[in-house]
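The values are calculated or read from the model by the stated rules, or taken from the named source; none is laboratory data. Predicted, not measured: the structure shown is a model, and the values here were computed from it. Please note: Cβ atoms are built from the backbone with ideal geometry, for glycine as well, and neighbour counts cover all protein chains shown. Ligands, DNA and RNA are excluded from the accessible area calculation, which covers all protein heavy atoms including side chains. Shrake-Rupley method; radii C 1.70, N 1.55, O 1.52, S 1.80 Å.
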Amino acid sequence: MARARSVYVCSQCGYESAKWNGRCPDCGEWNTFEESVPAVSAASGGKGKPRSARDLSELIVGIGSVDASHDEVRYSTGLSELDRVLGGGLVKGSLVLLGGEPGIGKSTMLLQICQYLGDDHTILYVSGEESARQIKLRANRLGVDTENLYLLAENDCEAICDTVVKEKPEIVIIDSIQTMSIQGLSSVTGSVSQVRECTNLFMRTAKSEEIPFFIVGHVNKDGAIAGPKVMEHIVDAVLYFEGQRNLSYRILRAVKNRFGSTNEIGVFEMRDRGLEQVENPSQLLLAGRPTDVSGCCVACIMEGSRPILAEVQALVSKSGFSSPRRTADGFDYNRMYLIIAVLEKRLGFFFGGLDVYINVVGGMKLDEPAADLSIALALYSSLRDKLVDEKTIAFGEIGLGGELRAISYSEQRVKEAERMGFERCILPAQSLKGIDTSRIGIKLIGVRSLRQAFDALDK
Ligand code: TYD
Ligand code: MG
């Protein structure tokens, strides 16, 4: 059989190239390329031979005759935040990748859900990282003592799949894909080829046996092992567990989901007895907010179907450098420049010679235009050293003419602000149309331009 031409694959993002590169042209990481030899399929028959085609005509079905009378079977995991991100629970026969940096809490979360899932289902927890005893000790700490949880410390992917077929557990957890290997492949454990082939094998097993798999994938920055990106296109759902090391809470995000929306997020807090769900993230994000300093304003962003309040801080101070420093943490850097330009051109404020720092508290990312107005108010507040009233919230998109543009979901945002005890809301006048004011208990101030928004602060 002809040896296939080898390709070089970036272990971080899965970018393929015919030659080796020092730096990945796609994700920009250094020294992440490794050789990957694709297996030649027998069907292609080597050079020059025409493929003998199978006749698939009989397999073609009209869409009307496909039986879809029942929905997918879903298992609840007992963590409603996780269920929501999954689109309503774990789908039978699906392959879910849980990615995240080492130590973020992936193993903890998967072990925790075993307690609830174990009431009705048998679970096989395969760990290539920890011994059964270590897992037991962790389970003790997390209060997981279900009879239906079976442990297996093993790295051999094929043997694991054979065992799954034989034992037929109802749910399988693989921790982690980077420790699994297929003996026949020459590349080392954790390489792109191994990760990809192991995922393919687990996928086939999940589909043929209709057993859902959770697969843990470490994200790592130095490129020593292949990241979850190389398996994203194979699996059914990709969830990323994110957080900052110095903060106790974690955000779970879906970046791909064949069985649900990818807009939802789940919020958790790491405690000494494992992860706890945060049902009220706004409260957590606003806790400890300073109310007597200028430069702070509260924004409301939509994460999927859920409005979340977050605090925006701006600091405008005299610069000691010839070209002033500008940084934005949690907000788009270029968008910050745009807002500053609008403030300069349309309202006559001057930021020349001033450093500008923007920070969104708690590691939230405001990647929605609705956050523009709160950023502008925070900048104005810091520049003029003028407080934004602590019971005031603002949202709206800013146009280049200094006008405020309507945004979606205004009613949900206003309701969340009311629930969190805010008394006034500054929003685009056009967005007022979509709100049933008879059911809203807070004062709504509709504004058409940034100028009017600044004036509204004084009212
Ligand atoms: P872990 O789930 O092992 O991370 P991952 O599998 O993503 O690599 O989480 C480990 C971290 O979580 C570790 O730093 C300790 C912390 N932790 C707690 O704070 N409380 C707990 O109850 C547990 C089990 C872990
Ligand atoms: Mg782990």
Among the residues of the range 150-157, is there at least one that is within 17 Å of GLN112 (Cβ to Cβ) and open to solvent by less than 60 Å² (accessible area, probe 1.4 Å)?
no
State which residue pairs qualify: first residue near ligand 1 (Cβ under 8 Å from one of its atoms) and open to solvent by 20 Å² or more (accessible area, probe 1.4 Å) and inside the range 91-112, second residue aliphatic (A, V, I, L, M) and in a loop (DSSP other than H, G, I, E, B) in any location, beta carbons under 8 Å apart, and separation of 6 or more residues or different chains.
GLU101/VAL219
Could you please let me know if LEU343 is buried (at least 17 other Cβ atoms within 10 Å of the Cβ), without any contact (Cβ under 8 Å) to a residue 60 or more places away in the chain and in the same structural domain as VAL414 (by TED's automatic domain parsing)?
no
Can you pull out every residue in the range 99-119 that is near ligand 2 (Cβ under 10 Å from one of its atoms) and either closer than 21 Å to GLU147 by Cα or modelled with pLDDT of 95 or more (or both)?
SER107, THR108, MET109, LEU110, LEU111
Which of the residues spanning the range 69-90 are within 15 Å of ligand 1 (Cβ to nearest atom) and surrounded by 22 or more Cβ atoms within 10 Å (Cβ to Cβ)?
LEU82
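Just for strands (runs of 3 or more DSSP E) wholly inside the range 376-459: which have at least 1 residues that are at pLDDT 90 or above and farther than 20 Å from ARG289 by Cβ?
Result: 424-428, 443-447.
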Residue check for GLY266: under 15 Å from LEU90 (Cα atoms) and either of a type in the set (Gly, Ala, Ser) or free of Cβ contacts under 8 Å to residues at least 24 places away in the same chain (or both)
yes
Would you check which residues across the range 352-399 are under 12 Å from MET336 (Cα atoms) and among the aromatic types (Phe, Trp, Tyr) and list them?
TYR357
Residue check: is GLU232 under 30 Å from LEU377 (Cβ atoms) and not polar (S, T, N, Q)?
no
Find all pairs meeting these conditions: Cβ atoms under 8 angstrom apart; at least six residues apart or on different chains; first residue within the range 129-140 and open to solvent by less than 50 Å² (accessible area, probe 1.4 Å); second residue more than 10 Å from ligand 1 (Cβ to nearest atom) and acidic (Asp, Glu).
ALA139/ASP145
Any chance you could count how many residues in the range 306-332 are open to solvent by 50 Å² or more (accessible area, probe 1.4 Å) and closer than 21 Å to ILE407 by Cα?
1
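Give GLY446, GLY434, GLY363 a once-over and let me know the one that is touching a helix residue (DSSP H, G or I) at 6+ places or on another chain (Cβ under 6 Å) and either in contact (Cβ under 8 Å) with a residue 40 or more places away in the chain or surrounded by fewer than 18 Cβ atoms within 10 Å (Cβ to Cβ) (or both).
GLY434
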Report the residue count in the range 274-304 for those that are farther than 30 Å from LYS92 by Cβ and in contact (Cβ under 8 Å) with a residue 40 or more places away in the chain.
18
Pairs under 9 Å by beta carbon, first residue outside the structural domain of LEU117 (by TED's automatic domain parsing) and touching a residue at least 60 places away in the same chain (Cβ under 8 Å) in the range 72-90, partner among the aromatic types (Phe, Trp, Tyr) and not in a loop (DSSP other than H, G, I, E, B), six or more apart or different chains?
none
Counted residues, the range 177-223 - those being open to solvent by 50 Å² or more (accessible area, probe 1.4 Å) and hydrophobic (A, V, I, L, M, F, W, C)
2
